[in-house]
Amino acid sequence: MFETAIAGSLPKPSWLSETEKLWPQWRLAGPELQQAKADATLLWIKAQEDAGLDIVGDGEQSRQHFVHGFLEQVDGIDFENKVTMGIRNNRYDALVPQVVAELRLKGRVHAFEAQLARAHTEKKLKFTLPGPLTIVDTVADRFYGDKRKMAFAFAELLNQEALALQADGVDIIQFDEPGFNVYMQDAVDWGVQALEIAARGLTCTTAVHICYGYGIKANTDWKETLGQEWRQYAEVFPALAASSIQQVSLECYHSHVPPDLMALLKNKDVMVGVIDVSSDVIETPEQVADTIGVALQHLPRNRIFPCTNCGLAPMSREVAVKKLQALAQGAALARQRYGDAGAKA
Ligand code: ZN
């Protein structure tokens with residue numbers, strides 16, 4: 001009960017890359033960079049285990065950014081000539097590569113870090129991939145001319161890699177779709193369908209993470225404009241509830257998401273965001289347990305997985321480690337509090 005996990009990313013150590021940045025530059029190159037990525041991956045697996053998390057991940061130490069790390073292994077993308085593009089409905093500008101030809105995987109994308117992580121932990125291993133809708137919002141299209149068509153093309157590539165990750169021994173494959181909270185109609189019209197293509201044939205657990213973004217200024221400014229009730233999830237959750245995806249990760253603590261929206265996720269496991277990623281203030285175990293208590297009003301307890309609201313990549317290492325500990329300690333407290341209490345069954 002209340003198995004804990006993080007959304008996905010963790011800060012990169014200062015010897016690996018620039019710190020507290022969303023698109024950090026690597027400090028090293030070639031074999032040295034590869035070794036440093038491996039060292040950072042092992043360091044974070046240990047830190048997650050030491051904190052007491054039940055499900056661990058690679059902390060996305062081997063990718064510069066959660067979308068572009070995947071795109072680097074795709075043929076048909078021009079990384080030499082990046083262009084500036086407004087992303088997330090022009091919320092902020094990003095320097096993005098361009099799709100210039102038919103998309104094809106060059107080979108395995110994440111074999112190195114997935115196999116490394118699997119070899120070094122007995123815990124359940126979660127691995128994250130960007131979702132198709134969010135990918136097409138983070139790359140410039142000079143070839144397909146149609147978002148949906150390009151998303152389906154990416155979904156096929158994601159499916160190839162996801163099946164390979166499953167063969168590597170990954171227990172949970174999570175697709176990250178922050179774009180679902182921005183393009184709600186597209187998400188309903190074709191985004192969930194693209195996600196199901198990406199997850200086709202998987203027998204491991206499948207998940208989708210939908211959030212309001214990293215704790216960067218462009219996102220916190222945007223959240224200020226969303227009003228007192230954030231109802232974006234209400235549009236997408238019914239489509240997800242009807243899908244084959246098994247787990248949904250959502251923001252809860254310090255957000256304006258009405259908690260009753262969780263009830264729309266019938267029969268899904270819900271990774272409830274109990275850790276704020278846009279504040280360096282460390283949650284107390286009591287606060288974490290309280291948020292789990294809120295979720296219990298809308299979900300049966302066996303379907304609640306305490307999680308972070310989003311990735312921790314742009315934070316400091318020190319803060320991130322403390323937040324991992326708060327997550328595990330809060331879930332432990334919630335097990336005491338709600339273990340035999342009358343949660344909705
Ligand atoms: Zn997120």
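The values are calculated or read from the model by the stated rules, or taken from the named source; none is laboratory data. Everything numeric here is computed off the predicted structure, so don't read it as measured data. Don't worry about glycine lacking a Cβ; one is built from the backbone with ideal geometry, like all the others, and counts go over all protein chains shown.
Taking the conditions (1) buried (at least 16 other Cβ atoms within 10 Å of the Cβ); (2) part of a loop (DSSP other than H, G, I, E, B); (3) more than 16 Å from the ligand (Cβ to nearest atom) in turn, Trp44 satisfies each one other than (2). Taking the listed residues Ile216, Ile275, the one that is modelled with pLDDT under 95, under 16 Å from the mean Cα position of the chain (by Cα) and over 30 Å from Lys149 (Cβ atoms) is Ile216, with no other qualifying.
Pairs linking a residue in the range 8-30 that is more than 16 Å from Leu43 (Cα to Cα) to a residue that is more than 16 Å from the ligand (Cβ to nearest atom) and acidic (Asp, Glu), with Cβ atoms under 6 Å and 6 or more positions apart or on different chains, are Pro24/Glu18; Gln25/Glu18.
If a residue counts only when it is within 15 Å of the ligand (Cβ to nearest atom) and over 30 Å from Thr203 (Cβ atoms), which helices (runs of 4 or more DSSP H) contained entirely in the range 216-312 have at least 3 such residues? Per the criteria, 217-224. Residues in the range 154-173 include none that are farther than 24 Å from Ile245 by Cβ and among the hydrophobic types (A, V, I, L, M, F, W, C).
Given the condition surrounded by fewer than 21 Cβ atoms within 10 Å (Cβ to Cβ), at positive phi, out of contact with any strand residue (DSSP E or B) (no Cβ under 7 Å at 6 or more places or on another chain) and free of Cβ contacts under 8 Å to residues at least 60 places away in the same chain, answer yes or no: does some residue in the range 136-156 qualify? Yes: one or more hits. When residues in the range 1-26 are screened for being part of a loop (DSSP other than H, G, I, E, B), surrounded by 16 or more Cβ atoms within 10 Å (Cβ to Cβ) and more than 20 Å from the chain's Cα centre (by Cα), 1 of them pass. For the range 157-184, filtered to residues that are within 16 Å of the ligand (Cβ to nearest atom) and in contact with a His (Cβ under 9 Å, 6 or more places away or on another chain), the residue that is nearest to Leu133 (Cα to Cα) is Glu177.
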